[in-house]
Amino acid sequence: MRPLPEFSVKSPDVHQLYPHPARLILILSLAPTVGLGIGRFAYALVLPDMRDSLAWSYSAAGFMNTINAAGYLAGALLVSRVIRRYGLAATARWGTLACVLSLALCALSGNFVVLSFARLLAGVGAAAGFVGGGALAATIAQSRPERANFLLSLFYAGPGIGILASGLAAPFVLQAFGPGSWWIVWWAMTLLAVGMTIPLLLAPLHADATGATAAKSKFTIAPVAIYLAAYFLFGAGYIAYMTFMIAYVRDAGGGAAAQSAFWSLIGLSAFVTPWVWRRVLALDRGGLTTTVILGVNAIGAAMPIFGHSVWLLALSALVFGVAFFAVVGSTTAFVRMNYPPAAWPTAIAAMTISFGIGQTLGPIAVGAITDAMGSLSVALNVSAAMLALGAVLAAFQRRLPAQTSS
């Protein structure tokens, strides 16, 4: 199938609304930066100290990411309705503010119930910011059809900013304040998130104009069932790596500098994602794009299985990171090429739901495996295997027939 007709994106009105699309999409990327890069993934940096201070098992630690993923799933299920009522821009902004509030709650209490609620709220907010922001970014990117894939990939490089910033800060805050200072790290993350949310609140995103994109549209699961299954496996597989790798580095003898370097490499690799995968993301060949990128992601996740050397772990972080954010971008590219603009929020939400189910089940399952086997290596093996299987499944997804996207 050829790329979508450009009847809606060549419009002079759309072009005039977004005279600087790259700048606006970079600002929009601050929604997943806060919701995912900090709100979800910074937890891995604080997890070892929280486990020690609060006497958690690996299952309890995994549950905190499970409840976060459950919130993300709930948010994905509700977000289409929210977008139809309030528009894309408002949904992205309010979702990001909810994530900021959740970070502050994490700093205020060590109570398991309070922390669980905070992680749940972070998940709901992250889904709203991601789906609303992603659909709006796709709309803005389509104002420059010849650069649309590159512009859209800028949005998905956003979480790398949060990962890099938290990686440069959290390990050294923990080192400076000593054991039991996990709550201070959460305050630091809250302040960081506040600073990143301000540009999103002030940006001229034309909220009224974007609400029309979220018109109610039909979405059928059957034509993309295998693709949804692949994305489910990605959600279940990546989370073990992003939840427990800092603990893995620490258990291997890595101090604050090593943990910071490892996490920062994942974040830094995201910045080159738009250039590395630019041509691959432009392929309109069904699930092939996702297969290639997810396969690279699986290779990065598998590398720690073969040893603890500094160079191997660094290479793992780089390879995993450069593919990780691009996998998400490839799903939005798939949606953009196979559905009309009015269906993008619904289709992206459907992808997000599948992903959300996977990452809801992943952390608690991996935590239980780790408790049972007494080794993080086993959990990482399972993680890499799920990513590889997801890559294989995506290869069987074909382009949708023209009537599906009409």
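Would you say Ser143 is farther than 22 Å from Ile198 by Cα, part of a loop (DSSP other than H, G, I, E, B) and at pLDDT below 90?
Values: farther than 22 Å from Ile198 by Cα: yes; part of a loop (DSSP other than H, G, I, E, B): yes; at pLDDT below 90: yes.
Answer is yes for this residue.
Under the condition of being within 16 Å of Pro204 (Cα to Cα) and small (Gly, Ala, Ser), the residues counted in region 74-93 number 4.
Go over the candidates Gly35, Gly71 one by one and state the one that is at pLDDT 90 or above, in contact with a Lys or Arg (Cβ under 8 Å, 6 or more places away or on another chain), in a helix (DSSP H, G or I) and not polar (S, T, N, Q). Spell out how you get there, then give the answer.
Values: Gly35 fails: in contact with a Lys or Arg (Cβ under 8 Å, 6 or more places away or on another chain).
Going through Gly35, Gly71 in turn, the sole match is Gly71.
Sub-7 Å Cβ pairs linking a first residue in region 257-283 that is within 14 Å of Phe320 (Cα to Cα) to a second residue that is modelled with pLDDT under 80 and aliphatic (A, V, I, L, M), at least 6 apart or interchain, are Ala270/Ala157; Phe271/Ala157; Thr273/Ala157, ordered by first then second residue.
Please go through region 277-289 and give me each residue that is in contact with a helix residue (DSSP H, G or I) (Cβ under 6 Å, 6 or more places away or on another chain) and of a type outside the set (Phe, Trp, Tyr), ordered by number.
Step one: of region 277-289, the residues in contact with a helix residue (DSSP H, G or I) (Cβ under 6 Å, 6 or more places away or on another chain) are 277-278, 280-284, 287, 289.
Of everything in region 277-289, those that are in contact with a helix residue (DSSP H, G or I) (Cβ under 6 Å, 6 or more places away or on another chain) and of a type outside the set (Phe, Trp, Tyr) turn out to be Arg278, Val280, Leu281, Ala282, Leu283, Asp284, Gly287, Thr289.
Scanning region 330-345 for residues that are assigned to a helix (DSSP H, G or I) and more than 15 Å from Arg285 (Cα to Cα) yields Pro341, Ala342, Ala343, Trp344, Pro345. Quick check on Ala368: is it among the small types (Gly, Ala, Ser), under 16 Å from Phe244 (Cα atoms) and modelled with pLDDT of 80 or more? No: the conditions fail for Ala368.
Scanning region 49-61 for residues that are within 22 Å of Gly255 (Cα to Cα), part of a helix (DSSP H, G or I) and of a type outside the set (A, V, I, L, M) turns up Asp49, Arg51, Asp52, Ser53, Tyr58. Residues of region 214-234 include at least one that is part of a helix (DSSP H, G or I), at pLDDT below 80 and crowded, with 21+ Cβ neighbours inside 10 Å. Here Phe334 meets each of (1) at pLDDT 85 or above; (2) under 20 Å from Gly160 (Cβ atoms) with one exception, condition (2).
Against the conditions (1) among the hydrophobic types (A, V, I, L, M, F, W, C); (2) within 20 Å of Phe355 (Cα to Cα); (3) at pLDDT 90 or above, Ala302 satisfies every one except (2). Sub-6 Å Cβ pairs linking a first residue in region 101-130 that is among the aliphatic types (A, V, I, L, M) to a second residue that is outside any helix (DSSP H, G or I), at least 6 apart or interchain, are Ala122/Gly39; Ala126/Gly39, ordered by first then second residue. For region 280-302, does any single residue satisfy the condition of being farther than 21 Å from Ala395 by Cβ and within 17 Å of the chain's Cα centre (by Cα)? No, the conditions are met nowhere in region 280-302.
Residues in region 263-297 that are more than 24 Å from Thr243 (Cβ to Cβ) and part of a helix (DSSP H, G or I): Pro274, Trp275, Val276, Arg278, Arg279, Val280, Leu281, Leu288, Thr289, Thr291, Val292.
Going through region 155-174 one residue at a time, which ones are surrounded by 24 or more Cβ atoms within 10 Å (Cβ to Cβ) and either acidic (Asp, Glu) or more than 15 Å from Gly321 (Cβ to Cβ) (or both)?
Phe155, Ala170, Pro171
Considering Ser316, Ser354, Ser383, the condition of being touching a Gly at 6+ places or on another chain (Cβ under 8 Å), in a helix (DSSP H, G or I), small (Gly, Ala, Ser) and under 18 Å from Ala76 (Cα atoms) is satisfied by Ser354 alone.
The values are calculated or read from the model by the stated rules, or taken from the named source; none is laboratory data. Since the model is a prediction, treat every value here as computed from it, not as a measurement. Note that we place each Cβ from the backbone using ideal geometry, even for glycine, and neighbour counts take in every protein chain shown.
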